[in-house]
Amino acid sequence: MYNALKSGFFVLAIFVIASCSSNDVYFDYKSLKASGWNKDSVIAFDFEIKDIQASYNVYVNVRNNGDYPYQNLWLFVHKTLPDSLLKKDTINFYLANDRGKWLGSGIGSVFDVPVLYQQNIKFTQKGKYTYKIIQAMRDTVLIGINDIGLRVEKIK
């Protein structure tokens, strides 16, 4: 019993140390309705950039379940910069391989897939950035997507 308790504290200590060394500037998830993600629903993320000298990676995280009917996911991303300039992107990525095995990590029937959306970029302005994500699939209501996340990581 004592050894198991000691091992548990050791594992907990590793997680605490790993979480303290995070380079995340921003990381958040937004949950979707259980009934599905409507084509008109916009998921918005607001974050602040203070260091314009640094380089960043931006990830879109998707949590899906086994009810998701497709292999891939198309998204529209609308980015609003601090000076109100709007930029738009369309991204496509895979949630399952050719054999239907879900990608990413998962427990039970929920899978978390981080997708590198922008790599080694520089934000040119200090201030508030808004990323709005809209599903771009043909379905009016898309089932099987539980959460959408956005992570902005400073590269050391």
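Can you check what the net charge comes to around residue 105, using other residues whose Cβ is under 11 Å from the Cβ of residue 105 (Lys, Arg +1; Asp, Glu -1)?
0
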Notebook entry, point to check: GNM, the chain, Cα, under 10 Å: largest mean-square fluctuation among 30, 79, 101?
Noted result: 101
Next item on the list: Go ahead and run the numbers for FRET between residue 74 and residue 54, Cβ-Cβ distance against an R0 of 30 Å, rounding to 0.05.
Entry: 0.50
Next item on the list: Please turn the phi angles of the stretch 113-126 into ³J(HN,Hα) values with the Karplus equation 6.51 cos²θ - 1.76 cosθ + 1.60 (θ = phi - 60°), one per residue in order, whole Hz, x for glycine and proline.
Entry: 10, x, 10, 6, 8, 10, 10, 6, 9, 10, 7, 8, 10, 6
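In whole Å and largest first, what semi-axes does the C-alpha gyration tensor of the chain yield when each eigenvalue is scaled by 5 and square-rooted?
Each semi-axis is √(5λ); the values are 28, 25, 13 Å.
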Next item on the list: Calculate one ³J(HN,Hα) per residue across the stretch 51-63 by plugging θ = phi - 60° into the Karplus curve 6.51 cos²θ - 1.76 cosθ + 1.60, and present them in order as whole Hz with x for glycine and proline.
Entry: 9, 8, 7, 7, 9, 9, 10, 10, 10, 9, 9, 10, 10
Notebook entry, point to check: Of 92, 150, 124, whose Cα points farthest to the positive end of the dipole of the stretch 87-156 (charges on the beta-carbon: +1 Lys, Arg; -1 Asp, Glu; origin at the Cα centre)?
Noted result: 124
Notebook entry, point to check: Say each of residue 93 and residue 42 gets a label point 7 Å from the Cα, pointing the same way as Cα to Cβ; how far apart are those two points in nm?
Noted result: 2.2
Notebook entry, point to check: Which of the listed residues, 52, 68, 108, is farthest toward the dipole's positive end in the chain, when Lys, Arg count +1 and Asp, Glu count -1 at the beta-carbon?
Noted result: 52
Next item on the list: Under 30 Å Cα to Cα from residue 126, which lysines show up? Leave out anything in the same chain fewer than 8 places away.
Entry: 30, 50, 79, 87, 88, 154, 156
Next item on the list: Note down the net charge around residue 52, summing +1 for each Lys or Arg and -1 for each Asp or Glu among other residues with Cβ under 11 Å from its Cβ.
Entry: +2
Item checked: Point-charge dipole on Cβ atoms (K/R +1, D/E -1) for the chain, about Cα centre, debye to 20 -> 200
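Each reported figure results from applying straightforward, stated rules to the coordinates on display, with no laboratory input. None of these values were measured; they are calculated from a predicted model. Quick reminder, even Gly has a Cβ in these numbers, built from the backbone with ideal geometry, and neighbours come from all protein chains shown.
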